[in-house]
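Inspection log for the structure reproduced underneath, given as structure tokens.
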Amino acid sequence: MKNSDLKVDGIDKIILNHLMTNARTPILSIAREIGISGAAIHQRLKKLEVSGLISGSKFVINPKVLGFKTLAFVGIFLDSSSKYKEAIKRLKEIDEVTESHYTTGNYAIFVKILCKDNEHLMQVLNHQIQHIKGVARTETFISLDQQIDRQIKI
């Protein structure tokens, strides 16, 4: 099924909103609320998964509980755009890098990093990221607080 063929109706939206709020919501409780069978909900979820709208489910770990208290965003300048693939390959080897984005604007790559503290962040920057072949320089932004963390509305 192509994404352009996907039809998300009101029942799909109710199901998705419940599961986006709490992925552990029992299917049968949603089914009772909507007035359809649990099997019908499973069929709808399968259709949404096959379409690519749902790309899986996961548990979300609170990094602060594990001692990761410093969240930073790093803009990475490459000395040549041809170094992009190799830089990404090396960034994937750094556990503290949790996201990477190929961007327009000043940076070739923009990454999200979780570290235990500022000293740990400095070690990751100085001894790992800045040692990647092709990285000309970096610019770091430390997050002081996160007020919004949500998915797109359906």
* **Chain lengthening between residue 79 and residue 148 when straightened (0.36 nm per residue, less Cα-Cα)** => 21.5 nm
* Pick from 32, 90, 137: which is most flexible by mean-square fluctuation in a GNM of the chain where alpha carbon atoms under 10 Å apart are linked? -> 32
* To do: Determine the sum of side-chain charges near residue 82: Lys and Arg each +1, Asp and Glu each -1, restricted to other residues whose C-beta is under 15 angstrom from that of residue 82.
  => +3
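Give the relative contact order (percent, whole number) for the stretch 63-143; include only Cα pairs under 8 Å separated by 6+ residues.
Numbers: 131 pairs, mean separation 38.6, N = 81.
Relative contact order, the stretch 63-143: 48 percent.
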* Asked: Which residues in the stretch 39-69 place their backbone N less than 15 Å from a point set 7 Å from the Cα of residue 24 along the Cα-to-Cβ direction?
  -> 58-62
* **Spin-label proximity, residue 93 to the stretch 131-153 - amide N less than 13 Å from point 7 Å beyond Cα toward beta carbon** => 131-134
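State, as an integer percentage, the relative contact order of the chain based on alpha-carbon contacts under 8 Å between residues 6 or more apart.
Over the chain, the number comes to 25 percent.
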* Asked: For the stretch 7-154, what is the per residue volume of the convex hull drawn over the alpha-carbon atoms, in cubic angstrom?
  -> 154
* How about residue 58: which lysines have a C-alpha closer than 28 Å to its C-alpha, ignoring those fewer than 8 places off in the same chain? -> 2, 7, 13, 46, 47, 69, 85, 89, 92, 112, 116, 153
* Note the full-extension length gain between residue 59 and residue 32 as 0.36 nm times their separation in residues minus their Cα-Cα distance, in nm to one decimal. => 7.2 nm
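Read-outs: derived from the displayed coordinates by stated rules, not from any lab. Note that this is a predicted model, so its numbers are computed, not measured. Ideal geometry is used to build each Cβ from the backbone, glycine not excepted, and the neighbour counts take in all protein chains shown.
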